[in-house]
Amino acid sequence: MTLIRSISGIRGIVGGKPAEGLTPPEIVRYVSAYAEWLRGRLPGKRLRVVTGRDSRVSGESISDIVNSTLMLSGIDVTWLGQASTPTVEIAVFRSGSDGGIIITASHNPAEWNALKLLDSRGEFLSAEDGGKILAIADSGNFKYCGNDDMGTKKYEDDWNRKHIDMVLSHPLTDRKAISSARLTVAADCVNSVGGMIIPDLLKELGVSRIIPVNCEPTGLFSHNPEPLPGNLTELAETVVREKADMGIAVDPDVDRLAIVCEDGSMFGEEYTLVAVSDYLLGIRPGTTVSNMSSSRALKDVTESHGCRYFSSPVGEVNVVEEMKKRGAVIGGEGNGGIILPDLHYGRDALAGVALFLSCLTTRQLKCSELKRSLPCWHMSKNKIPLNPDHNLARISDAIMSEFAGSSFDNRDGLRVENEKGWVHIRISNTEPVIRIYSEAETVAGAEELISRVSEVVKKI
């Protein structure tokens, strides 16, 4: 299987032959190209790059290669060790560094890993800049330094604390309300870096009782790491058994947040952003943004506050670009990714936890009651393995014919919307699959939209 090169980084299954997986030669090639790109942007400057990793078993070895390649390229490295993606992003811009590399495959299974590349703002690279790095990697036009110009490496272990402090100091984090509610919260961190920071955050927020679930950062994932309902049964059972007020789940690099209600039902990762936005807009009205595959509920909530909503193609960098363009006060993706510009332009589960708990406790609601207070839409998700026979342009033409009379948006694959709901088909940035998402007023309606599109794909 070949590497996936996209706006989400360089991603693949660890091992195998070069160019067929994430192997040492490929890691060196792409990190070297990144170093060359940085030198081209900042000629003559002594460069510094922040690096960190999630808890995957392959992370230590890959990090050694990444850090050594940067140093051999004449770049000084600030090494955070095991750290969340948002923590590394914050460290880049707050330390005045020139870039960052996060070694994580996010929600992908344990056999995967990836290089997420950041600019000097601690943000994912634009498509244009990413294309330049890929071109350098393909050309092999990079060089290494001599003995006298080698980069250095220093380890800094205080960025988790700084990240937590930033979240605690946000004006919409209501620690008094959270503490007064005397909450019991179960937290599933899938045995990755969330276990090193989420329990500490909950304690600082004033949560009375914290029940850790899979919080040992061993990298031995206790279940499929994507925080979807089918993967959170242990957390749901723990919430009910321990009579907890809620459960929270994060993915391996802690940029996605899902909630489990007090009765064990799923709040739904699609509604994490919706609930937090409803809370924020009630205090600080403004524009919101989410991607084209996210729930329509955010649009409904935004408009209920007299504000404007905009969508973007899927991918954090695309959401951030649209947020900046629109001056959005909050944005994110329906996968539980919340972007709060006051803190930084990156998906941040810590910010999501603080604002969700603030919303829940200031409104004095149970999780299930909060969910019922929000617009009710039902989403269905499917994916089809990608193969060379798939021609998305041809598939899109056939879908437009199938849904004649609907409105179409082809900024990212094809999104179809009509009075029954919407359906979005696109090639994934993170897996070799075609994703099909739909949403309607009923579960049956959402599944019908998925079925109609899937049938078109099968015929093609």
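The values are calculated or read from the model by the stated rules, or taken from the named source; none is laboratory data. As the structure is a prediction and not an experimental result, all values here were calculated from the model. A quick note on method: Cβ atoms are made from the backbone with ideal geometry, for glycine too, and the neighbour counts reach across all protein chains shown. Side chains are part of the model used for accessible areas, which takes the heavy atoms of the whole protein and leaves out ligands, DNA and RNA. Shrake-Rupley method; radii C 1.70, N 1.55, O 1.52, S 1.80 Å.
Table for the structure above
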quantity	calculated
Theoretical gain in end-to-end length, R363 to K176 [0.36 nm per residue, Cα-Cα removed]	66.0 nm
Contour excess over end-to-end distance, with Cα ends at E447 and R372 and 0.36 nm allotted per residue	24.9 nm
Residue-normalised accessible area of the chain, expressed per residue, 1.4 Å probe, Å²	39
For segment 310-322, Karplus couplings with θ = phi - 60° (6.51, -1.76, 1.60), whole Hz, Gly/Pro x	9, 10, 9, x, 5, x, 4, 4, 6, 5, 4, 4, 5
Selected from I436, I339, S294, residue furthest toward positive end of dipole (the chain; charges at beta carbon)	I339
Heavy atoms of W112 accessible to a 1.4 Å probe, total area in Å² rounded to 10	20
Accessible area of segment 314-443 belonging to carbon and sulfur atoms, whole % at 1.4 Å probe	46
Rounded Å value of the spacing that divides the Cα centres of segment 203-270 and segment 389-458	31
Reachable lysines, given that their alpha-carbon falls under 25 Å from the alpha-carbon of K45 and they are not under 8 places away in the same chain	K116, K132, K143, K153, K154
For segment 14-153, size of Cβ-based charge dipole, Lys and Arg +1, Asp and Glu -1, in debye	260
Segment 10-141 - percent of accessible surface contributed by carbon and sulfur, probe 1.4 Å	54
Label-to-label distance, nm, for residues given as S304 and K324 (7 Å Cα→Cβ offset)	3.2
Calculated FRET value between T2 and D158, using beta carbons and R₀ = 51 Å, to 0.05	0.85
The chain shape via C-alpha gyration tensor axes, a/c threshold 1.5	oblate
For a label point 7 Å along the Cα-to-beta-carbon line of S139, residues of segment 19-48 with backbone N under 17 Å	29-43
C-alpha center-to-center spacing [segment 173-194, segment 294-331] in angstrom	26
Protein-only accessible surface order, largest first, of Y437, Y271 at 1.4 Å	Y437, Y271
Shape metrics for segment 15-94, restricted to C-alpha atoms - Rg then Dmax, Å	13.1, 38
Simple spin-label estimate for R284 and R121 in nanometres, 7 Å along Cα-Cβ	1.7
Unit charges at the beta carbon, dipole of the chain: most positive-side option, M71, M196, S401	M71
Listed residues S451, S222, Q82: farthest to the positive end of the dipole of the chain (Cβ charges)	Q82
5 angstrom amide H check on L22, placed H, neighbours 5+ away	I13, V14, G15
Within segment 319-460: Cβ-based charge dipole about Cα centre, in debye rounded to nearest 20 (Lys, Arg +1; Asp, Glu -1)	220
Dipole magnitude of the chain, debye to nearest 20 (Cβ charges: Lys/Arg +1, Asp/Glu -1, about Cα centre)	660
Global form of segment 187-278, assessed from the alpha-carbon gyration tensor, a/c cut-off 1.5	rounded
Value of [θ]222 nm, deg cm²/dmol, for the chain, DSSP H segments ≥ 4, -39500 (n - 2.57) each, nearest 500	-11500 deg cm²/dmol
Potential lengthening between S407 and S454 on full extension [0.36 nm per residue; Cα-Cα distance subtracted]	15.0 nm
Per-residue ³J(HN,Hα) for segment 8-23, Karplus 6.51 cos²θ - 1.76 cosθ + 1.60, θ = phi - 60°, Hz, x for Gly and Pro	8, x, 9, 9, x, 6, 6, x, x, 7, x, 6, 10, x, 8, 10
